[in-house]
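Every number in this text was worked out from the coordinates using simple rules, so none of it is lab data. This is a predicted model, so every value here is computed, not measured. In this analysis, Cβ positions are derived from the backbone assuming ideal geometry, glycine residues included, and neighbour counts consider all displayed protein chains.
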Amino acid sequence: MIRNLAKKGVASLQRYLPGKPIEQVKRELGLKEVIKLASNENPLGPSPLAVQALREAISQVHLYPEDGGPQLREAVAQRLGVSPEEVILGNGSVEIIQAIEMAFLNPGEKAVISHPSFALYRITTQAAGGKEVLIPLKNWRHDLEAMAKVVDEHTKLLFIDNPINPVGTMVTQEELQPLIERMPENTIVILDEAYYEFQDKANYPNSLQWVRQGVNVVILRTFSKIYGLAGLRLGYGIAKKEIVELLNQVRLPFNVNLLALKAAMACLNDEEHIQRTRKLNQEGKKYLYEELDRLGVEYLPSETNFIMIELGQDAQSTYQEFLRQGVIVRPLHAYGLPTKIRLTVGKREENEAFIRSLKKIIRKRS
Ligand SMILES: Cc1ncc(COP(=O)(O)O)c(C=O)c1O
């Protein structure tokens with residue numbers, strides 16, 4: 001059987017389940033109007049500066065991009081106050097997660113992962129033949145003490161998404177610092193800050209300081225969320241030079257495409273678009289919290305652009321009901337949370353459409 005030929009850990013992998021695309025739902029259910037609040041995309045779309053840059057770049061796509069994206073790495077480094085040798089670009093930050101696994105995790109070595117947290121950490125660890133050590137969240141937050149405790153000489157990686165997808169909670173500088181200090185030389189901590197720009201807490205960890213101090217950390221950020229470029233696939237990692245060099249050794253040539261590089265260069269410092277997105281997100285959360293409170297529906301306050309919502313019964317069937325009403329949300333059964341959904345905060349009218357659908361579903365149930 002061909003499955004027997006697969007590498008250890010691959011045949012039994014649970015594939016990543018992405019949010020359903022709008023076109024597919026329209027096709028399958030014969031709907032004209034569908035809104036997607038399932039993948040934490042930016043409801044405002046890309047920055048106008050990115051759109052303009054894409055128009056200008058389109059006639060150049062017969063050319064390979066500049067490998068490694070030196071110009072963008074320079075710009076990111078300047079924005080963050082690090083050196084360009086400390087920055088690596090990926091085809092989405094997921095590609096950098098995969099590169100970390102490829103470069104560092106030998107078969108049988110351990111990766112410490114919170115459960116639930118972003119699904120890709122488990123998938124890439126299993127694909128690499130690594131051993132996952134799952135640590136349950138405590139009160140829906142990373143249990144940093146428990147994570148630090150299980151680290152031993154066979155632990156190569158430790159993943160912290162901050163804030164956590166799909167939960168939305170974050171850990172602070174004071175909480176994270178002791179874990180970083182306790183890490184042995186043989187362990188690399190991945191600080192996945194995909195939603196960094198959405199939180200505004202003064203005590204959010206200053207993770208860049210750890211890179212500057214030469215600590216074994218890789219910080220991950222992305223153009224997919226606040227920058228609204230999810231479809232172009234572009235993320236970046238920040239780590240000390242020696243780590244970045246190793247990651248460059250395993251990544252494919254031209255891993256980031258020309259259009260993504262041009263668009264990101266144009267919008268990296270578009271503070272206006274970033275601020276508009278943050279404001280829309282804050283207003284959207286406020287509206288959704290108020291409506292959910294009014295309906296007596298439980299949710300977890302979030303530091304991100306999504307909210308985890310408790311539906312009190314099998315969320316898979318409720319998810320289907322939402323779909324029939326043209327609203328795509330994310331059921332969380334794959335994360336071991338069968339009664340919950342994750343909702344991306346959308347534009348005002350999208351949030352209202354979600355609440356209208358939820359009200360109908362609740363009415364039908366009672
Ligand atoms: C925590 C976290 N990390 C990484 C990613 C992947 O982002 P990218 O589009 O940059 O690959 C996501 C996407 O949902 C995420 O939630």
Debye, to nearest 20: dipole size of segment 102-210, +1 on Lys, Arg Cβ, -1 on Asp, Glu Cβ: 300 debye
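Let's see if you can work this out: charge +1 on each Lys and Arg Cβ, -1 on each Asp and Glu Cβ, no other charges. What is the dipole magnitude of segment 48-267 about its Cα centre, in debye to the nearest 20?
With only Lys, Arg, Asp and Glu charged at Cβ, the dipole is about 400 debye.
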Convex hull volume per residue for segment 91-163, taking Cα atoms only, in Å³: 75 Å³
Charge-dipole axis of the chain as Lys and Arg at +1 and Asp and Glu at -1 on Cβ define it, positive-most pick from LEU29, ALA53, THR344: LEU29
Projected-area average for the chain over all orientations - Cα convex hull basis, square nanometres: 19.5 nm²
Lys pairs under 14 Å by Cα in segment 48-267, provided they are eight or more residues apart or on distinct chains: 4
Computed [θ] at 222 nm, helices only, for the chain once each DSSP H run of length n ≥ 4 contributes -39500 (n - 2.57): -12000 deg cm²/dmol
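On alpha-carbon atoms, Rg over Rh for segment 1-124 using Kirkwood Rh?
1.03
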